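None of the figures in this text is laboratory data; all of them are computed from the coordinates on show. Here the structure is a predicted model, which is why all the values come from computation and not from measurement. Cβ placement follows ideal geometry from the backbone for every residue including glycine, while neighbour counts extend to all protein chains displayed.
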Amino acid sequence: MPPKSKAATKPKATEPAPATTNPTTTTTTNTSQTASSQEPSEPTTVLERSQQRYEKTRPFEAARRQHGLSKLSKEDQKGWICDQLLHLTNRLPAASRARLLSPKASKEIWWTINGTNSIVRGLKQQPKAHTTWGTDRNGHDVGSYSIERFDERIKKRAALTALQVSSRVFRENVEREKRGFVDARSGQEIIVTEREIDEEKVRRSKMTALKKELYGEITGKLASSVDWEDVVPTPHEEPEGALAAIAYPAEYAEAMSYLRAVMSKKEYSPRCLRLTEHIIGMNAAHYTVWLYRAANIFALGLSIPDEIEWLNEVALANLKNYQIWHHRHLLVEHYHPTIASDAEALAHFAKQERDFLIAILSEDTKNYHVWSYRSWLVGKLEMWEDSEELKSIETLIDEDVRNNSAWSHRFFLVFSNPKYATPGKGATERDDKVTQELVDREVQYAQTKVYLAPQNQSPWNYMRGVLVKGGRQLASVQEFVEEFVVKLGEGDDQEEVRSTHALDFLAEIYAEKGESEKADLCLRRLAEKWDRIRRGYWEWRRKCLTQGSSEKVVEESEKAEEVTVV
Amino acid sequence: MVVRTKGARCRNRAIFIRKFPKQKGDMAAASNPTSQEGAATSTSSQQQQPNLDAITDDDFEYVDEEFVSNYTPEEAVQPQPTEPMIPDLFKQPPLVKDDLITDTSKLQDQTVEHCLPFLAGQDGPLELNDYGLPRLNREKHIKFLKQSLGPLPGRFVGMDASRPWFLYWCLSGLTMMGEDVSSYRESVIATARTMQNESGGFGGGHGQLSHLATTYSVILAIALVGGEEAYNVIDRKGMWKWLCTLKQPDGGFQVCVGGEEDIRGAYIAAVVITLLDLPLDLTPESPAYDGGRSNLLTGMAEYVRSCQTFEGGISSQPNNEAHGAYAFCALACLALLDNPRRIIPRHTDTQTSRQLTALSSPLTSYLDIPRLVSWLSYRQYAPEGGFSGRTNKLVDGCYSHWVGGCFPLIEACLSPSGSGSEKENNKTATSGLAAAPESLYNREGLIRYILSCCQDQTKRGGLRDKPYKMSDAYHTNYVLSGLSSAQHQWDLDSDPLPLPEGETTPTMAALGADSIWNVFPFIDDNDQVYEDSDRVRPIHPAYAIPQKNVAGIRAYFQGRSGFA
């Protein structure tokens, strides 16, 4: 520190003569006067108290701060310089101090200091907000605390330290017990009693509370739980500046770090199951946790009905969630073989599942995941002939005839029934296994629903699908379809279309019958007036008409050829 | 001088002249043929944006209609000079409407009610063009996406397993809006590393299982930032082994080990296999391993086919309801496996003839195209203009991509083979169906919905599902993807290559991935309702990222044979 030594030599050079006692005593009184005149009656905060203490022990510095160095008397200036030197060099080891100041200068400093009655061990640092007393969990300066509050805090810190010591003793005992140590005094094996564990639990919750209060440190449930004692959590690893990084809530971050730890060890245990529940509660879209949960259940051989019951509540709380339904799927896959041979149990289970599905669909009638699960379940539990299933779908359609999810499920239920379905047939292909009675029934059903709201596309799509499956001509429903289209092409005031879907259907019927002009009229009117948003599509359909008619001839002759080959 | 004019098709033209500070708009619009008709009176208004909030009707003065040369009095119905040109189709509820009220119709009516003011340009003091549409608010959307790249606050914890999606959505959206995202290379590399698992594939984050969805988004994010260093992050061998463990005997893929099998799995597997040029052999550990007869692609197209429903659309798994998102997955998957002209269309007018042809000729095409096109077309609603995801469900901006993105693929498979002039003469498509018109769906409607209803015009920015919904990165990306496909025309410039001998399905190589696609800005014969400056960049019809990024990553991995 060369500048400091320069400063040290300067006064020495200019004022070689040692100061007399008289002026220094006056300085002391002077400075103390300035200090005392300023002194407030009682410090209100900790920082204020520190400040006062500082000023008391460093009168020259306090005076300089107040008046400025140049305003001080010569003696006080000298006193200030010596005081500074003393405190600066105090920090240095003796050898460096000797190198910095000549013995003569040292002597002079001490001489002055003695004369001024300066406090040699004065406080070195000017107290500062935040740095001197630290910051509490709310970001406030502890120095701004009142004395009483500060004392409280000190007491709490002492309490925390005491708890930490006891806790460490407990943990050591646990360790000793594990290793079968013998108590040196009593000669008995060390046993950690239930009471001690309970005490430790209480202790830990107190410690957590204190830590949180004092430092804002959140030690989650897990770190302070005796259950997780032996697990070293794997913290989240991510480099600085990772994209889409989430400021994880402390509880989630902690739980995930424990999850990583147990998953990497492939641990399956009740505590892991609890951990998955804990995480799912915070983030139900976490596919990894769900799969791990399922693995735990299967590894521990836990009751599937119990799990399903738990899952029901989670599902109702997370309607849009995806993973819940795959989890349920896995559970049923696992559970099914255990009840497959028992018809009664199977029927009971099917009913239970359906009841729950009905409940959840009443909350969200078109929930895609629920319907996907439902169609899978029908196949798995072979609920094809279950009249209740069909009935419950009808109820939904009665409630909202536009519920297309229900219509889709009905189509699946009726036409994917192995009794009527040839494996490998596409959904838009004819299937010879479909009986004519079935086609009649379903066409009839769709038609009654069309009457309720003719512009509702769902039953139209359904009816068309049924006819194709059953290998029936679309023209077989021509009369019905024509009910919804009146005087087509006979002028804007005459023409009446109650359903654009009927008009579309009619176009297909005419095309099927080879009446291209009529079909074209339907499509044209759709494009011009009734369904203009799809004009591009209707124009394409018109182009297909002309192309189709020219190809039809070729197709027919090919067909004839192939038939002879077969 | 900044002038606003109504389009060429408008019967009663009027011109609005702005009174306040004049700025010279650049003449870029003159290169656009649609605006040339009115070129005498119209100028681009792209660069004008002084204090948008302060614009009121008083700021315009009306110019005499006679000013317009081709004004025909007979056609003039009711001169409404203040009205922007919005077709009735987008201003009124549909013509045919039932009286019966159910939950579905209530929601639908409410949605129309919410959308109509936005469609009519009555959503606050926005500057609208002559077609009643606001500009694409690039600055705000860019800012929104950049913010969505994080750091994200704690309430996003529910997205912890979807973080890779944020990478893809944001980088893709930024790319479409013309931003250079290569500056994110380092951070994508760093982030991707922590998501990759030693056993292959990428998970949602540190310690999460590998999942096809997260793998897809990480790989696309890597392709978007580009560069060898980024490509090198991918453990190709691990990826191949992991994919083998997901492959199922029925041809589909599980999304993660022990996870569900659905059509997303098939599409993403096709993307991953073709982008990384993975070997097709199955490892003996694969559930689909059968001694070497099957490979990674075996049965995939059949799996896709099994997901087509009676309605014509595609469901997530066989036997579910048809859904827009899965239609895109199905078509894009097939388009990667083989030339779309061969693999997609199946003409099913008469059932008997098809049964016979199925016996006599190899099954090389997998979807009932007339039904699928019908179903896709019905997804578009008026007056909203946007697409819905299922029959009797509501419009949602994200289907602009999931449904809208199907049309370039459909148009390709309907397009006649051959190229250039040959194509002109040969109007017959390979499928036996008519070639698609230049637009199978109503592009104007979709663009109207996107620009007027899907933009969050508040300080927040971003794009959304529908009015009164919050914008998010997912919708921002997919709405922009939909906008991009509505603004471009794709042309498949390769004909099907002959299949290897004895093959009925493309199981030897993913032939579709090599298809050559040409893209052109879509020029509407009528009016273009948006400014040219609002055109976003084109993305590959199957990979959903720009072609050059697809080419970049494919070239890199094709350059390395085996697992060096």
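The table below gives the values:
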item: Which of A:281, A:436, A:258, positive extreme of dipole for chain A (C-beta unit charges); result: A:258
item: Using alpha-carbon coordinates, inclination of helix A:535-565 to the longest axis of chain A, degrees; result: 50
item: Local electrostatic count, residue B:172, Cβ distance below 12 Å [Lys/Arg +1, Asp/Glu -1]; result: 0
item: Cβ-Cβ FRET estimate between residue B:127 and residue A:490, R0 fixed at 51 Å, reported to 0.05; result: 0.65
item: Average beta-carbon neighbours from other chains, 10 Å sphere, peptide B:390-396; result: 5
item: Amide H within-cut-off set for residue A:135, under 5 Å, with H built and near neighbours excluded; result: A:142
item: Rounded to 10°, Cα long-axis angle of helix A:436-452 versus longest principal axis of chain A; result: 60
item: Sequence ranges A:147-156, B:124-133, ranked by mean other-Cβ count within 10 angstrom, highest first; result: B:124-133, A:147-156
item: Crossing angle, helix A:323-339 versus chain A [Cα axis fit, 0-90 degrees, rounded to tens]; result: 60
item: Least to most buried among A:492, B:250 (fewest other Cβ within 10 Å first); result: A:492, B:250
item: Cα-based shape type of chain A, given that a ≥ b ≥ c are square roots of the gyration tensor eigenvalues and the cut on a/c is 1.5; result: prolate
item: Cα-based shape type of the range A:195-296, given that a ≥ b ≥ c are square roots of the gyration tensor eigenvalues and the cut on a/c is 1.5; result: oblate
item: Pairs of lysines in the range A:66-198 (C-alpha under 27 Å apart; 8 or more residues apart or interchain); result: 15
item: FRET efficiency, 1/(1 + (r/R0)^6) with R0 60 Å, evaluated for residue A:213 and residue A:111 via beta carbons; result: 0.70
item: Other protein chain Cβ atoms within 10 Å, averaged over every residue that makes up A:252-261; result: 2
item: Ascending count of other beta-carbon atoms within 10 Å, so fewest first, for A:210, B:297; result: A:210, B:297
item: Gyration tensor (alpha-carbon) shape descriptor, the range A:336-463, a/c threshold 1.5; result: oblate
item: Ranked A:335, A:510, A:451, criterion: other C-beta atoms within 10 Å, fewest first; result: A:451, A:335, A:510
item: Computed over the range A:146-219: relative contact order in percent, which uses C-alpha pairs under 8 Å that are six or more apart; result: 32
item: Greater than 31 Å apart at Cα, pairs in B:91/B:393; A:320/B:106; B:241/B:548; A:366/B:237; result: A:366/B:237
item: Inter-chain shielding of B:101-109 (mean C-beta neighbours from other protein chains, 10 Å cut-off); result: 4
item: Euclidean distance between Cα centres, the range A:404-458 to the range A:145-210, Å; result: 71
item: Chain A, helix-only ellipticity at 222 nm - DSSP H runs n ≥ 4, -39,500 (n - 2.57), divided by all residues, nearest 500; result: -21000 deg cm²/dmol
item: The range A:434-528: GluC sites (Glu not before Pro) in DSSP coil with no more than 10 other Cβ atoms inside 10 Å; result: A:490
item: Restricting the range A:196-276 to GluC sites (Glu not before Pro) in coil, as DSSP defines it, with at most 13 other Cβ within 10 Å; result: A:217, A:229, A:237, A:240
